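What follows is a short report on a single structure.
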């Protein structure tokens, strides 16, 4: 059936049912979902990195002080030297002898002049064991030494 007003071979002016984009259309990237995903990834990485901060230390019962300094921001130049209550020394969670500690610290100090050592002594460790650890660190040539402490819990005052 031919329409009387249409000539044969003539195209219809409207394409019916065509949902395909034209060739000149540009692809769009929606920014709002992208920002949401980026904030989620940022928060996830921050939480994971916070949980990994104390993985290099052994569990010791730290003494508490009222004027504890804030935790350091950077752990890349820090070596943890721990002393348990029996007097055993651990360097980054690995039990070591006095000679091993001096040689490891000297080798690390030769590779990194900004190396810092944090001594974590158990509250029940003998004072002599802590001083022995300090002497080992100094004999390795490291001058940047700190002692890790835990702040005392602040008691809430009633008004």
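The values are calculated or read from the model by the stated rules, or taken from the named source; none is laboratory data. Just so it is clear, the model here is predicted, and its values are computed rather than measured. Backbone-built Cβ (ideal geometry, glycine too); neighbour counts: all protein chains shown.
What the table below lists for this structure:
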read-out	value
Candidates 89, 105, 62, filtered to the one that is at pLDDT 65 or above, closer than 12 Å to residue 148 by Cβ, in contact with a strand residue (DSSP E or B) (Cβ under 8 Å, 6 or more places away or on another chain) and surrounded by 11 or more Cβ atoms within 10 Å (Cβ to Cβ)	62
Odd one out for residue 49 among (1) at pLDDT below 85; (2) assigned to a loop (DSSP other than H, G, I, E, B)	(2)
Count - residues of region 129-144 that are in contact (Cβ under 8 Å) with a residue 12 or more places away in the chain, surrounded by fewer than 14 Cβ atoms within 10 Å (Cβ to Cβ) and in a helix (DSSP H, G or I)	1
